[in-house]
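This report concerns only the one structure given below.
The values are calculated or read from the model by the stated rules, or taken from the named source; none is laboratory data. It should be emphasised that the depicted structure is a prediction, and the values quoted were computed from it without experimental measurement. Ideal geometry is used to build each Cβ from the backbone, glycine not excepted, and the neighbour counts take in all protein chains shown. Please note that ligands, DNA and RNA were not included when accessible areas were found on the heavy atoms of the full protein model with its side chains. Shrake-Rupley method; radii C 1.70, N 1.55, O 1.52, S 1.80 Å.
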Amino acid sequence: MQLPDQVTGGFNKTLGLEFTELGADRTVVTCEITPELLQPYGIVHGGVHCSIVETAASVGAALWFGDRGNVVGVANHTNFLRAARAGRLTATATPVHRGRTQQLWQVAITDDAGRDIARGEVRLANLASADVLGNDGPAAQT
């Protein structure tokens, strides 16, 4: 499946994310740990884990919601379980709940040895359109 540039480019490209499995029931994202992803103590920055969790859940949720509209994350709760310094991270996202107005996805991030590095949950809103989000003016007041 060819992903649009807005999924593979921008921030996701900066993180080095690769989408290895895409589906409405399971999405897998990987990335190589590079020096740019480390915090001052030499371990992967917690914000990187949160970003990977958000991305994996959002892509799966968007694939499920399809042409009905857009999905946007409204909550991301990520727990850091083990530090990682090198190698490859793999995030696997699966749905917990998919409803009319929202979805809940769980994401597990593992290292090359299959050990849990982080786990997260992302709640997403199902919207007819995300066009008004982030805009000022009367249309954004809804």
- Query: So residue 131 clears everything in (1) touching a strand residue (DSSP E or B) at 6+ places or on another chain (Cβ under 7 Å); (2) open to solvent by 50 Å² or more (accessible area, probe 1.4 Å) except one condition, right? Which one?
  - Reply: (1)
- Item | Any pair with Cβ under 7 angstrom, 6 or more apart, that starts in the range 94-108 at a residue that is free of Cβ contacts under 8 Å to residues at least 60 places away in the same chain and ends at one that is loosely packed, with under 15 Cβ neighbours inside 10 Å | 103/97; 104/96; 104/97; 105/96; 106/96; 108/116
- Go through the range 99-131 and give me each residue that's assigned to a strand (DSSP E or B) and more than 22 Å from residue 20 (Cβ to Cβ). 102, 104, 123, 125, 126, 127
- Quick one: which of 91, 86, 75, 61 is within 25 Å of residue 116 (Cβ to Cβ), in contact with a Pro (Cβ under 8 Å, 6 or more places away or on another chain) and hydrophobic (A, V, I, L, M, F, W, C)? 61
- Out of all the residues in the range 76-93, which are in contact with a helix residue (DSSP H, G or I) (Cβ under 9 Å, 6 or more places away or on another chain), more than 28 Å from residue 132 (Cβ to Cβ) and touching a residue at least 60 places away in the same chain (Cβ under 8 Å)? 91, 92
- Query: If you go through the range 23-60, how many residues are closer than 13 Å to residue 105 by Cβ and among the charged types (D, E, K, R)?
  - Reply: 3
- Message: Exactly one of these conditions fails for residue 73: (1) closer than 17 Å to residue 33 by Cβ; (2) touching a residue at least 24 places away in the same chain (Cβ under 8 Å); (3) surrounded by 14 or more Cβ atoms within 10 Å (Cβ to Cβ); (4) of a type outside the set (Lys, Arg). Give me its number.
- Response: (1)
- Message: As an exercise: evaluate residue 87 against (1) at positive phi; (2) open to solvent by 30 Å² or more (accessible area, probe 1.4 Å) and give the number of the one condition it does not meet.
- Response: (2)
- Query: Of the residues in the range 90-116, how many are among the hydrophobic types (A, V, I, L, M, F, W, C), closer than 17 Å to residue 30 by Cα and surrounded by fewer than 21 Cβ atoms within 10 Å (Cβ to Cβ)?
  - Reply: 2
- Query: What number goes with the only condition from (1) part of a helix (DSSP H, G or I); (2) more than 12 Å from the chain's Cα centre (by Cα); (3) farther than 17 Å from residue 107 by Cα that residue 63 does not pass?
  - Reply: (3)
- Looking only at the range 13-55, which residues are part of a strand (DSSP E or B) and open to solvent by 20 Å² or more (accessible area, probe 1.4 Å)? 18, 19, 20, 21, 32, 38
